[in-house]
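The block underneath contains the structure these notes are about, expressed in structure tokens.
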Amino acid sequence: MSKLRPECGINTSSRKPQSRNSVLWGILWATDRRRALAYGKLYDDEGRCCAMGAYWERNPTEVVDNSLIDEVAAVNDSVPPEATDFERWRHVRRWLKHQLGIGQ
């Protein structure tokens with residue numbers, strides 16, 4: 001179970017998790033048209049979501065390794081809650097592009 005996003009639950013699927021790069025690309029694409037990411041949880045009370053929530057909105061049945069969920073959540077939440085949602089979005093996107101080795 002994910003420590004930073006416990007609402008993700010326990011993976012009971014017999015399917016193997018997607019590869020790290022597949023998930024990172026999926027998050028990049030899922031956040032492409034957004035300009036805001038929520039802090040601290042998969043979905044907040046205002047209908048926003050974090051980077052992993054954005055991924056699962058587009059890929060609701062995909063299995064993701066818990067360590068990757070926690071890594072992405074840690075990057076998402078490394079921007080303090082006082083920052084704007086756009087600043088968080090920009091930080092996560094920059095990290096994703098760095099992880100994938102693509103231009104900024």
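Just so you know, all these numbers are worked out from the coordinates, no wet-lab data involved. These numbers were taken from a predicted model, which means no experiment stands behind them. Note that we place each Cβ from the backbone using ideal geometry, even for glycine, and neighbour counts take in every protein chain shown.
Scanning segment 72-84 for residues that are crowded, with 19+ Cβ neighbours inside 10 Å and either in contact with a Ser or Thr (Cβ under 9 Å, 6 or more places away or on another chain) or not hydrophobic (A, V, I, L, M, F, W, C) (or both) yields a total of 3.
Assess whether residue 42 counts as being touching a residue at least 60 places away in the same chain (Cβ under 8 Å) and under 11 Å from the mean Cα position of the chain (by Cα). If you could, list the steps in order and put the result at the bottom.
Details: touching a residue at least 60 places away in the same chain (Cβ under 8 Å): no; under 11 Å from the mean Cα position of the chain (by Cα): yes.
It is false that residue 42 is touching a residue at least 60 places away in the same chain (Cβ under 8 Å) and under 11 Å from the mean Cα position of the chain (by Cα).
Please enumerate the residues belonging to segment 47-70 that are in a helix (DSSP H, G or I) and surrounded by fewer than 18 Cβ atoms within 10 Å (Cβ to Cβ). Across segment 47-70, the qualifying residues are 57, 58, 66, 67, 70. Just to be sure before I move on: is residue 75 touching a Pro at 6+ places or on another chain (Cβ under 8 Å) and under 30 Å from residue 14 (Cα atoms) in the structure I sent? No. Taking residues in segment 83-104 that are over 17 Å from residue 52 (Cα atoms), and partners anywhere that are hydrophobic (A, V, I, L, M, F, W, C), the pairs with Cβ atoms closer than 8 Å and at least 6 places apart or on different chains are 84/36.
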